[in-house]
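**Student:** Below is the structure I would like to discuss, written out as structure tokens.
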Amino acid sequence: MLFAAADVPGLDSRAAQAALEDLASGVDVVVGVTHDARPYLIGVPDIDSEVTELVEGSFGGGVLAAFAERGLTLGMVRHERRLATAADARALAIDPAAPPDLAALLRERSPELRER
């Protein structure tokens with residue numbers, strides 16, 4: 001079971017597949033975090049897992065400490081950038097790891113970045 005944040009435009013099937021592979025290998029929880037240290041993706045083996053309750057309150061932060069306190073094994077997927085503010089959009093537009101089509105669209109719509 002994967003839980004995903006809606007404000008991470010770089011989230012794609014590769015991240016989901018990596019998370020599912022980690023879960024299949026036996027980890028208890030898979031997490032992907034953004035630049036602000038909050039998770040954008042959390043995966044648990046199944047919906048009936050006791051970990052699911054913990055996950056529900058984890059998108060606000062503190063997820064890693066909560067998992068560590070319970071001795072859970074953790075898988076990590078790639079870092080992503082959250083898109084919630086104009087500053088996030090400017091940063092994403094020049095991030096070399098951003099999806100190229102999204103970065104181009106953001107540069108096109110931002111006058112100060114058009115020359116980049």
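The values are calculated or read from the model by the stated rules, or taken from the named source; none is laboratory data. Just so it is clear, the model here is predicted, and its values are computed rather than measured. Backbone-built Cβ (ideal geometry, glycine too); neighbour counts: all protein chains shown.
**Student:** Restricting to the stretch 102-113, count the residues that are among the charged types (D, E, K, R) and either crowded, with 16+ Cβ neighbours inside 10 Å or modelled with pLDDT of 85 or more (or both).
**Tutor:** Residues meeting the conditions: 2.
**Student:** For the stretch 39-52: of the residues being loosely packed, with under 10 Cβ neighbours inside 10 Å and within 24 Å of ARG78 (Cα to Cα), which is modelled with the lowest pLDDT?
**Tutor:** ILE47
**Student:** May I ask you to verify whether LEU64 is surrounded by fewer than 16 Cβ atoms within 10 Å (Cβ to Cβ), touching a residue at least 12 places away in the same chain (Cβ under 8 Å) and closer than 16 Å to TYR40 by Cα?
**Tutor:** no
**Student:** In the stretch 23-35, is there at least one residue being crowded, with 17+ Cβ neighbours inside 10 Å, modelled with pLDDT of 85 or more, in a helix (DSSP H, G or I) and touching a strand residue (DSSP E or B) at 6+ places or on another chain (Cβ under 7 Å)?
**Tutor:** Taking every residue of the stretch 23-35 in turn, at least one turns out to be crowded, with 17+ Cβ neighbours inside 10 Å, modelled with pLDDT of 85 or more, in a helix (DSSP H, G or I) and touching a strand residue (DSSP E or B) at 6+ places or on another chain (Cβ under 7 Å).
**Student:** Suppose we keep only residues that are without any contact (Cβ under 8 Å) to a residue 60 or more places away in the chain and of a type in the set (A, V, I, L, M, F, W, C) within the stretch 1-18. Which one would you say is surrounded by the fewest Cβ atoms within 10 Å (Cβ to Cβ)?
**Tutor:** Checking each candidate, the answer is ALA6.
**Student:** Can you confirm whether GLU69 is surrounded by fewer than 16 Cβ atoms within 10 Å (Cβ to Cβ) and either over 20 Å from ALA5 (Cα atoms) or at pLDDT 85 or above (or both)?
**Tutor:** Criteria met by GLU69.
**Student:** Additional query: Specify the residue that is surrounded by the most Cβ atoms within 10 Å (Cβ to Cβ); the eligible residues are those in the stretch 72-101 that are more than 17 Å from the chain's Cα centre (by Cα) and within 24 Å of VAL30 (Cα to Cα).
**Tutor:** Out of the qualifying residues, it is LEU72.
**Student:** Moving on. Does VAL63 satisfy the condition of being farther than 30 Å from ARG109 by Cβ and modelled with pLDDT of 90 or more?
**Tutor:** no
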